[in-house]
Amino acid sequence: MATYDLLIVGAGVSGTALLHLAARYTDIGRIAILDKYAAPARVNSLASNNSQTLHCGDIETNYTLDKALKVQRAARMVLNYALQQPDVDHLVFKYPKMVLGVGEKECAQLRARFETFGPHYPNLRVLEKKDIARVEPTVAVRDGRLRTEEIVALGSTDEYTAVDYEALARSFVRNAQRAKGKDIEVLYNQQVRHIRVEQDRFLVETQDAGFQCRALVVAAGGHSLKLAHDLGYGLHYSCLPVAGSYYFTPQVLNGKVYTVQNDKLPFAAVHGDPDVQIPGKTRFGPTALMLPVLERYNFRTFPDWLRVFRFDHNVAAVLWDLMKVPDIRNYMAKNMLYEVPVLRKALFLEEVRKIVPDIRFRDLQFARKVGGIRPQLIDKIHRKLLLGEAKLDTGIGAIFNMTPSPGGTACLENAELDLRLVAKHLGATIDEEAFRRELLEGDHAHGSEDFTGRVLAGGDAA
Ligand SMILES: Cc1cc2nc3c(=O)[nH]c(=O)nc-3n(C[C@H](O)[C@H](O)[C@H](O)COP(=O)(O)OP(=O)(O)OC[C@H]3O[C@@H](n4cnc5c(N)ncnc54)[C@H](O)[C@@H]3O)c2cc1C
């Protein structure tokens with residue numbers, strides 16, 4: 001049976017980020033990653049299954065300042081990594097971005113937000129109607145004239161704002177395979193069925209093979225919880241999968257346009273984004289639809305969901321609390337209708353018109369087989385729906401990650417946390433100096449631009 005120091009299950013952007021960190025910055029010798037599909041990033045990290053946003057926290061009005069600064073650090077790590085790669089142009093993308101306020105209340109909220117967030121985001125600007133018109137003409141104009149209602153936006157025009165998380169995962173794998181003096185194995189078409197603990201080893205069984213490891217990190221999206229439950233951990237969590245669908249239009253936006261979050265709703269408001277893989281289109285979404293599967297468009301994952309849902313009176317209480325709020329109830333109903341052919345276009349048109357007032361019914365096209373699933377956890381003890389990533393550290397060398405949005409942005413930061421736990425468990429050493437220099441400070445070998453768009457030493461000064 002093959003034996004490893006560290007075995008990672010799941011080759012999405014989370015698992016592959018850890019593979020890269022372990023290969024590059026530690027003295028861990030034997031590392032393997034397993035995935036059930038034939039290539040990395042086929043599930044939520046697939047470019048078409050998420051919004052491709054590098055979340056920095058400035059335009060996400062559902063983030064508090066604390067959360068925003070945390071995500072800003074995580075985003076910087078992704079950017080620092082990408083800017084050191086020869087194929088940087090396939091990994092990260094510069095587009096203008098803004099969050100749009102419509103009407104007196106939202107505009108006042110954005111102006112107040114700028115006072116708090118502005119000092120932490122030097123590129124962030126208040127964009128008045130005419131500024132918006134310069135950056136995103138279709139947003140500021142209705143029937144050929146400037147919109148009459150009050151609008152204001154917070155945004156920036158010269159930052160990296162989008163990531164192809166699928167390409168990023170492939171890049172992590174490639175770099176890990178090049179690590180010198182390491183034994184790195186990347187094993188596809190291996191679906192983990194069962195995990196056992198035997199003395200100080202984990203025994204991981206797939207459909208046709210068995211593996212042993214001293215440390216185990218599972219980054220398998222909603223399936224992480226299923227595998228944790230198999231091992232007897234995280235039984236107080238239930239998983240509520242929230243699917244996101246999108247609509248395509250012809251290219252009506254130059255960049256990313258977010259809208260102000262209704263603070264009663266647990267999921268991000270609809271936004272418009274370029275699609276990094278489909279030039280000439282704008283993608284609007286995501287919607288938020290509860291679905292009883294762990295993988296979108298894969299109904300064979302229904303039994304897996306049933307096993308992790310673990311319905312009981314605590315889960316019922318959380319769902320009841322959500323349904324009690326009229327805004328959430330309406331939102332859920334609306335999101336179900338967004339899936340009904342014909343009707344969905346008419347309903348979703350209203351959402352898009354908040355961003356682009358002149359968009360027409362015939363411009364909208366439901367994006368088939370686009371959009372993944374956010375595995376949101378329900379904490380049964382505290383009777384709460386958890387937003388953001390969740391990590392189960394067993395304390396015996398196995399970690400299980402569940403990663404809804406902004407899990408793409410958080411891939412390296414999350415992997416750093418895992419790396420530290422794994423290194424401690426294995427008694428391994430981390431090259432802290434290289435880690436800090438390359439990922440936290442961004443030692444860009446080619447003098448590329450940094451997070452705020454400045455050119456670093458070594459590059460051609462502008
Ligand atoms: C609609 C939507 C929009 C989003 N938008 C953004 C965004 O704009 N920005 C952002 O930062 N984040 C976003 N996210 C979140 C982001 O996409 C995810 O957090 C991220 O892709 C999770 O990566 P992962 O590697 O943890 O999981 P995944 O990419 O889902 O990878 C899990 C891997 O585990 C494998 N696997 C599962 N079970 C097994 C098993 N039993 N054996 C072996 N392998 C297994 C799967 O094949 C898969 O490759 C969005 C998510 C959704 C759904």
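Of note:
- None of ALA162, ALA133, ALA153, ALA176 is over 25 Å from ALA22 (Cβ atoms), in contact with a strand residue (DSSP E or B) (Cβ under 7 Å, 6 or more places away or on another chain), part of a helix (DSSP H, G or I) and hydrophobic (A, V, I, L, M, F, W, C) except ALA133.
- Residues located in region 265-293, provided they are within 30 Å of VAL325 (Cα to Cα) and assigned to a loop (DSSP other than H, G, I, E, B): LEU265, PRO266, PHE267, ALA268, ALA269, VAL270, PRO286, THR287, ALA288, LEU291, PRO292, VAL293
- Candidate set from region 3-28 (those that are surrounded by fewer than 24 Cβ atoms within 10 Å (Cβ to Cβ) and either in contact with a Gly (Cβ under 8 Å, 6 or more places away or on another chain) or polar (S, T, N, Q) (or both)); member that is farthest from ASP418 (Cα to Cα): THR3
- If you check LEU100, LEU124 for being closer than 17 Å to ALA269 by Cβ, in contact with a strand residue (DSSP E or B) (Cβ under 6 Å, 6 or more places away or on another chain), aliphatic (A, V, I, L, M) and modelled with pLDDT of 95 or more, only one passes: LEU100.
- Output for region 163-203, where each listed residue is surrounded by 23 or more Cβ atoms within 10 Å (Cβ to Cβ) and within 9 Å of the ligand (Cβ to nearest atom): VAL163, TYR165, GLU166, ALA169, VAL192
- Any hit, region 297-311, residues being touching a helix residue (DSSP H, G or I) at 6+ places or on another chain (Cβ under 9 Å), within 30 Å of VAL102 (Cβ to Cβ) and assigned to a loop (DSSP other than H, G, I, E, B): no
- Helices (runs of 4 or more DSSP H) wholly inside region 341-453 containing at least 3 residues that are within 16 Å of the ligand (Cβ to nearest atom) and among the hydroxyl-bearing types (Ser, Thr, Tyr): none
- The selection criterion, being away from the ligand (no atom under 12 Å from the Cβ), at pLDDT 95 or above, within 29 Å of LEU386 (Cβ to Cβ) and in contact with a strand residue (DSSP E or B) (Cβ under 8 Å, 6 or more places away or on another chain), holds for VAL257.
- When region 217-236 is filtered for residues that are part of a helix (DSSP H, G or I), within 11 Å of the ligand (Cβ to nearest atom) and crowded, with 19+ Cβ neighbours inside 10 Å, the ones remaining, listed by number, are GLY222, HIS223, SER224, LEU225, LYS226, LEU227.
- Candidates ARG329, ARG353, filtered to the one that is touching a helix residue (DSSP H, G or I) at 6+ places or on another chain (Cβ under 6 Å), without any contact (Cβ under 8 Å) to a residue 40 or more places away in the chain, surrounded by fewer than 19 Cβ atoms within 10 Å (Cβ to Cβ) and of a type in the set (D, E, K, R): ARG329
- Checking each residue in region 88-109 for being crowded, with 21+ Cβ neighbours inside 10 Å and either more than 26 Å from the chain's Cα centre (by Cα) or of a type in the set (Lys, Arg) (or both) picks out only LYS97.
- Scan of region 12-40 for residues that are more than 15 Å from ASN401 (Cβ to Cβ) and within 13 Å of the ligand (Cβ to nearest atom), ordered by number: HIS20, ALA32, LYS36, TYR37, ALA38, ALA39, PRO40
- Close pairs from region 290-303: first under 18 Å from PRO404 (Cα atoms) and within 12 Å of the ligand (Cβ to nearest atom), partner aliphatic (A, V, I, L, M) and assigned to a loop (DSSP other than H, G, I, E, B), Cβ under 7 Å, at least 6 apart: GLU295/VAL43; THR301/VAL293; THR301/LEU294
- Looking across region 285-326, just one residue is surrounded by 12 or more Cβ atoms within 10 Å (Cβ to Cβ), over 25 Å from the mean Cα position of the chain (by Cα) and of a type in the set (Asp, Glu), and that is ASP321.
- Exactly one residue out of THR148, THR157, THR116 is of a type in the set (Ser, Thr, Tyr) and buried (at least 17 other Cβ atoms within 10 Å of the Cβ): that is THR157.
- In region 13-38, the residues that are at negative phi reach residues that are within 16 Å of the ligand (Cβ to nearest atom) and of a type in the set (Asp, Glu) with C-beta atoms within less than 6 angstrom, at least six apart or across chains, in these pairs: LEU18/ASP418; ALA32/GLU185.
- Number of the exception - ASP58 against (1) buried (at least 24 other Cβ atoms within 10 Å of the Cβ); (2) more than 15 Å from the ligand (Cβ to nearest atom): (2)
The values are calculated or read from the model by the stated rules, or taken from the named source; none is laboratory data. Since we're looking at a predicted model, the values are computed, not measured. Note that each Cβ is placed from the backbone with ideal geometry, even for glycine, and that neighbours are counted across all protein chains shown.
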